[in-house]
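Input: a single structure, listed below in structure tokens.
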Amino acid sequence: MTEINDHLKLLWARFAQAHCPHGHGPVKAAHAASVCEELVAKAQDAADPRLLLCFPIAIPEAFGQQEVEAMLLAQGYTRTQGEAYDARGRRFIDVVQDRFRASQVDAGRLREAVEACLARPEGRLIVHTLAGEDASQTWHWSSKQRCATCDHGFASITPSHFSFNSPIGACETCPALVASSESTGVWSSLIRARPLPKVLSSPGKPKALRSARAIS
């Protein structure tokens, strides 16, 4: 059973799909090729609006508007989209990397703009669609294991996340390592039947395993 469980943990870690806890759907790292395909498809569905391909850049706390403009100009950027906004305790502004209509741009220029945005420190591409003078939609992609919409981050999924006797896979609401097995149903009735021994709160794996055998 132990060997089977080890193989299952490897499979679960390989095929697991993280989902945003704020309801923004599955989370996966984006790649330039797939982003270009999705971007063109979205633009076609939206009647080919003008697109602003942007990336967020963090604004140093002491910087005012003039300092921000000078910082961007030194990097070769002269346009921003919208106002500065707060995210993850920092101040950001969306910088325009390129602008065009998907139906009129060649594949090389599109890919270059996408790669440039995803290669920035935040690893995010934010596409603002323009209907007339106002932005009507915003599309998001992220090259990191983060939600592209709300930027909620996730650690890389490993077999330890599916191990009941590992601190990583332990229950988040109680201190007992073995208590996380309730999510799989293993020993759940025994754990609820009587108080957990103090030794179960130990972070050491051998003690947790000895406790599990004692309960069984």
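The values are calculated or read from the model by the stated rules, or taken from the named source; none is laboratory data. A quick note: this is a predicted structure, and the numbers were derived from the prediction, not measured. Counting neighbours? That spans all protein chains shown, and the Cβs are built from the backbone with ideal geometry, glycine included.
Here is a yes/no grid of residues against (1) modelled with pLDDT of 85 or more; (2) hydrophobic (A, V, I, L, M, F, W, C); (3) under 23 Å from Ser156 (Cβ atoms):
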residue	(1), (2), (3)
Ala18	no, yes, yes
His31	yes, no, yes
Cys36	yes, yes, no
Leu52	yes, yes, no
Thr78	yes, no, no
Ala102	yes, yes, no
Asp106	yes, no, no
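Show me the helices (runs of 4 or more DSSP H) entirely contained within region 1-76 in which 2 or more residues are among the basic types (Lys, Arg).
Working: elements: 2-15, 32-45, 65-74.
The qualifying helices (runs of 4 or more DSSP H) are 2-15.
Any chance region 136-147 includes a residue that's modelled with pLDDT under 75, assigned to a loop (DSSP other than H, G, I, E, B) and not aromatic (Phe, Trp, Tyr)? Looking for residues that are modelled with pLDDT under 75, assigned to a loop (DSSP other than H, G, I, E, B) and not aromatic (Phe, Trp, Tyr), one finds none in region 136-147, hence no. Inspect all residues belonging to region 41-52 and state whether any of them is of a type in the set (Gly, Ala, Ser) and at positive phi. Checked region 41-52: at least one residue is of a type in the set (Gly, Ala, Ser) and at positive phi. For region 115-130, the tally of residues that are outside any helix (DSSP H, G or I) and either touching a strand residue (DSSP E or B) at 6+ places or on another chain (Cβ under 7 Å) or polar (S, T, N, Q) (or both) stands at 10.
Restricting to region 24-76, name every residue that is touching a helix residue (DSSP H, G or I) at 6+ places or on another chain (Cβ under 8 Å) and within 22 Å of Arg90 (Cα to Cα). Correct list: Leu53, Cys54, Phe55, Ile57, Ile59, Pro60, Phe63.
When region 106-128 is examined, which residues are found to be more than 22 Å from Lys28 (Cβ to Cβ) and crowded, with 20+ Cβ neighbours inside 10 Å?
Answer for region 106-128, where residues must be more than 22 Å from Lys28 (Cβ to Cβ) and crowded, with 20+ Cβ neighbours inside 10 Å: just His128.
Looking at Phe100, Phe92, which one is more than 16 Å from Ile57 (Cα to Cα) and either in the same structural domain as Asp48 (by TED's automatic domain parsing) or of a type in the set (A, V, I, L, M) (or both)?
Values: Phe92 fails: more than 16 Å from Ile57 (Cα to Cα).
Result: Phe100 is the single residue among Phe100, Phe92 that is more than 16 Å from Ile57 (Cα to Cα) and either in the same structural domain as Asp48 (by TED's automatic domain parsing) or of a type in the set (A, V, I, L, M) (or both).
Is there a residue being free of Cβ contacts under 8 Å to residues at least 24 places away in the same chain and assigned to a loop (DSSP other than H, G, I, E, B) anywhere in region 98-105?
Filtering region 98-105 for residues free of Cβ contacts under 8 Å to residues at least 24 places away in the same chain gives 104-105.
Subsequent filtering for residues that are assigned to a loop (DSSP other than H, G, I, E, B) retains 104-105.
So far as region 98-105 goes, yes, one or more of its residues are free of Cβ contacts under 8 Å to residues at least 24 places away in the same chain and assigned to a loop (DSSP other than H, G, I, E, B).
Listed residues Ala84, Ala43; which is surrounded by 10 or more Cβ atoms within 10 Å (Cβ to Cβ) and over 28 Å from Ser103 (Cα atoms)?
On the way: Ala43 fails: over 28 Å from Ser103 (Cα atoms).
Checking each option against the conditions leaves just Ala84.
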